[in-house]
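Okay, so here's the structure we're looking at.
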Amino acid sequence: MQIQHNISLQPYNTFGIDVTATSFVSVNNTTELKDVLSAKNYPNKLILGGGSNMLLTKNQDKLVIHINLKGIEIISQDDDFVIVKAQAGENWHQFVLWCMKQDFGGIENLSLIPGNVGTAPIQNIGAYGVELKDSFVSCEGLCLETLETHTFSKSECDFGYRDSIFKQQEKEKYIITNVTFKFTKRNHKLNINYGTISSELESMNITNPTIQDISKAVISIRESKLPNPKDIGNSGSFFKNPVISKEDFNALLLNFPDAPSYSISETEVKVPAGWLIEKAGFKGKRFGDYGVHKNQALVLVNYGQAKGSDILELSKLIQKTVLRLFNIFIEAEVNIL
Ligand code: EPU
């Protein structure tokens, strides 16, 4: 473990923004992590996981700590279920693929989501009708202040849509070092109701899908709609889908009868931000080296040398326009740093 200076963070964020970290260290185990956290000469720290949910708008003068804890371990199992612990630095999609190889069911719908295992609980990653919380058992967090480890149960994490205690009361107080999951070994619970999955399986001529088929279908849908950060820098959905009252939605329908929505409760609906942004005319718009993706308006992209501040300005313009046109505020999902 070695603290390096003036390191480009471009390889460490999926937006591919080229800013510099004054000091940077990659930690491979919890002992190293504790050593670094107790380093008195670096009072301010920035924790870096998979770098898939951040927009870097300036050079970082905090000590950037890259969490590189690796390992996947089976804790216990019976004929039906298996308990698996994965270290925070494991790449999320590689972990999903490992599960598919073992025939462990639960996170197949979450295939190809960028990021690492340790950051997945922070925003309760979700896609195609499944959320991380559905197979989550617990996670260990190292308290930045006391350096003590706390095990967070599922109920303590208080998961919601793109939300958890780690974005609320415990924001920036803990580093998640590992996550424990419960997966099925047989009688897998298949989630194929999310529209595009069933049609994708149909086009693959699959009538009795396995979890591996679902994973392949999700990969294929994501590849067709979402840019691969290796080719075009991006951070997945830049905005959250706004939740509004049914009353407000009915008012919206008067002017926009084709507005889509998902029912959330008796009184609320979620409106796809991608639709609002497309209607506002931003889909596929390119401004120099940055813009809005052509297949999914929720995704802002860096075509090469964009600055984080350019993308931030674009996101504000989109927010302002959507607010003016629909009277709906769309909140950023990505952390702005
Ligand atoms: N839509 C448009 N224009 C667009 C994009 C979407 O009109 O440019 C409409 C679609 O026609 C559809 C609806 O919006 O009626 C929903 O679109 P989609 O199925 O693509 O899902 P989403 O609500 O836009 C969410 C997640 C995605 C996740 C998909 C699939 C959020 C903020 N985003 O997007 O998550 O992959 O559902 O489950 O909830 C991510 O978090 O990075 C991410 C990509």
Fill in the blank from the handout: Among helices (runs of 4 or more DSSP H) entirely inside the stretch 153-230, those with 1 or more residues being over 22 Å from H93 (Cβ atoms) and either assigned by TED's automatic domain parsing to the domain that holds C99 or not β-branched (V, I, T) (or both) are 154-157, 195-203
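Out of all the residues in the stretch 149-172, which are under 19 Å from the mean Cα position of the chain (by Cα) and open to solvent by 60 Å² or more (accessible area, probe 1.4 Å)?
Result: K154, D158, Y161, Q168, K171, E172.
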Exercise for the section: Of all residues in the stretch 268-288, count the ones that are in a strand (DSSP E or B) and either open to solvent by less than 70 Å² (accessible area, probe 1.4 Å) or within 14 Å of the ligand (Cβ to nearest atom) (or both). Expected result: 2
Practice task
Inspect the stretch 247-265 for any residue being in contact (Cβ under 8 Å) with a residue 12 or more places away in the chain, under 19 Å from the mean Cα position of the chain (by Cα) and not assigned by TED's automatic domain parsing to the domain that holds G50 and give the result as yes or no.
Solution key: no
Handout entry: Checking V322 against (1) out of contact with any Gly (no Cβ under 7 Å at 6 or more places or on another chain); (2) within 13 Å of the ligand (Cβ to nearest atom); (3) of a type outside the set (D, E); (4) part of a strand (DSSP E or B), the condition it does not meet
Key = (4)
Problem - Total residues in the stretch 1-47, condition at pLDDT 95 or above and touching a helix residue (DSSP H, G or I) at 6+ places or on another chain (Cβ under 8 Å) - result: 7
Practice task
Check E266 against each of (1) at pLDDT 95 or above; (2) over 24 Å from G233 (Cβ atoms) and name the one condition it does not meet.
Solution key: (1)
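For (1) modelled with pLDDT of 95 or more; (2) closer than 30 Å to Q305 by Cα, each residue gets a yes or a no:
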residue: G49; (1), (2): no, yes
residue: V64; (1), (2): yes, yes
residue: I74; (1), (2): yes, no
residue: Q77; (1), (2): yes, no
residue: F81; (1), (2): yes, no
Practice task
Could you please tell me which pairs satisfy a Cβ distance under 8 Å, a separation of 6+ or placement on different chains, a first residue in the stretch 279-294 that is closer than 18 Å to K316 by Cβ and at pLDDT below 95, and a second residue that is near the ligand (Cβ under 9 Å from one of its atoms) and in a loop (DSSP other than H, G, I, E, B)?
Solution key: none
Handout entry: Criterion: within 21 Å of F183 (Cβ to Cβ) and assigned to a loop (DSSP other than H, G, I, E, B) - qualifying residue of L97, L69
Key = L69
Exercise for the section: Restricting attention to the stretch 247-267, report how many residues are open to solvent by 70 Å² or more (accessible area, probe 1.4 Å) and either touching a Leu at 6+ places or on another chain (Cβ under 7 Å) or more than 15 Å from the ligand (Cβ to nearest atom) (or both). Expected result: 7
Completion exercise
Checking E172, E145, E200 in turn, the sole residue that is among the charged types (D, E, K, R) and within 13 Å of the ligand (Cβ to nearest atom) turns out to be E200
Problem - Check on S76, within 30 Å of F181 (Cα to Cα), polar (S, T, N, Q), outside any loop (DSSP other than H, G, I, E, B) and open to solvent by 40 Å² or more (accessible area, probe 1.4 Å) - result: yes
Exercise for the section: State whether the residues of the stretch 185-200 include one that is open to solvent by less than 40 Å² (accessible area, probe 1.4 Å) and in contact (Cβ under 8 Å) with a residue 40 or more places away in the chain. Expected result: yes
Practice task
Consider V322 carefully, then state whether it is in contact (Cβ under 8 Å) with a residue 40 or more places away in the chain and open to solvent by less than 10 Å² (accessible area, probe 1.4 Å).
Solution key: yes
Completion exercise
Taking the stretch 87-142 and the residues there that are within 16 Å of the ligand (Cβ to nearest atom), of a type in the set (D, E) and open to solvent by 10 Å² or more (accessible area, probe 1.4 Å), the one that is farthest from T184 (Cα to Cα) would be E131
Problem - In the stretch 31-55, the residues that are open to solvent by 60 Å² or more (accessible area, probe 1.4 Å) and either in a helix (DSSP H, G or I) or out of contact with any strand residue (DSSP E or B) (no Cβ under 6 Å at 6 or more places or on another chain) (or both) - result: T31, K34, D35, K40, N41, P43
Fill in the blank from the handout: Note on E145: of the conditions (1) assigned by TED's automatic domain parsing to the domain that holds P11; (2) open to solvent by 20 Å² or more (accessible area, probe 1.4 Å), unmet is (1)
Exercise for the section: Looking only at the stretch 202-216, decide whether some residue is in contact (Cβ under 8 Å) with a residue 12 or more places away in the chain and open to solvent by 80 Å² or more (accessible area, probe 1.4 Å). Expected result: yes
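The values are calculated or read from the model by the stated rules, or taken from the named source; none is laboratory data. What you see is a predicted model; the values in this text were computed from it and never measured. Virtual Cβ from ideal backbone geometry, glycine too; neighbours counted across all protein chains shown. Quick note on the areas: whole protein, heavy atoms, side chains included, nothing else; ligands and nucleic acids left out. Shrake-Rupley method; radii C 1.70, N 1.55, O 1.52, S 1.80 Å.
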